[in-house]
Amino acid sequence: MTDAYMLAKTQGGLADIQTLDPPFLWPTNAFMEYQELAQNDDGTTRALGFASDLWRWGYITLEQYNYLKTTIAGGATSVTVCIKTYTAAGWKTYTGVMILPPPPYQIEDDKILDFTLKFDYLVEVV
């Protein structure tokens, strides 16, 4: 499988986001392996919670937003998806929940500015 940011409803449908219709530029991402650190009685720490990721763009077009909202999310504000994303350990594939940001959106010239797509409850697909 190609090393690229990928998105689909299922693992079998994963596609590089640059090849979708409409295509997306690669985002900047902020991957977190866990939600928080908890301190053990001996002073060491352990990771708690699921992995999450944020994909950020300076803007996406209204056509791209409609693709995410309609084709991927089926009109919902969140949906279970499969993604391939970049982590500190390299490219990895996950299932999880894609969450569209709530309105209001800053829209200029048919573009939504400063758009962040959240992926939560990520579980690695091996």
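One table, with the values for the structure above:
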item: Matching residues, the range 26-43, being more than 16 Å from residue 88 (Cβ to Cβ) and either touching a helix residue (DSSP H, G or I) at 6+ places or on another chain (Cβ under 8 Å) or modelled with pLDDT of 90 or more (or both); result: 26, 27, 42
item: From 13, 90, 49, 58, residue being modelled with pLDDT of 95 or more, in contact with an Asp or Glu (Cβ under 9 Å, 6 or more places away or on another chain) and within 21 Å of residue 126 (Cα to Cα); result: 90
item: Identity of the residue in the range 12-31, touching a residue at least 60 places away in the same chain (Cβ under 8 Å) and assigned to a loop (DSSP other than H, G, I, E, B), that ends up farthest from residue 65 (Cα to Cα); result: 14
item: Qualifying position, being in a strand (DSSP E or B) and surrounded by 11 or more Cβ atoms within 10 Å (Cβ to Cβ), among 65, 34, 94, 105; result: 94
item: Filter pass, residue 78 being among the small types (Gly, Ala, Ser), more than 17 Å from residue 14 (Cα to Cα), surrounded by fewer than 16 Cβ atoms within 10 Å (Cβ to Cβ) and in contact with a strand residue (DSSP E or B) (Cβ under 6 Å, 6 or more places away or on another chain); result: yes
item: Selection count, the range 37-60, where residues are in a strand (DSSP E or B) and surrounded by fewer than 16 Cβ atoms within 10 Å (Cβ to Cβ); result: 9
item: Residue list for the range 3-21, filter: surrounded by fewer than 11 Cβ atoms within 10 Å (Cβ to Cβ) and within 25 Å of residue 73 (Cβ to Cβ); result: 10, 12, 21
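The values are calculated or read from the model by the stated rules, or taken from the named source; none is laboratory data. The model shown is predicted, which means the values in this text are computed figures rather than measured ones. Glycine also receives a Cβ, built like all others from the backbone with ideal geometry; neighbour counts cover every protein chain displayed.
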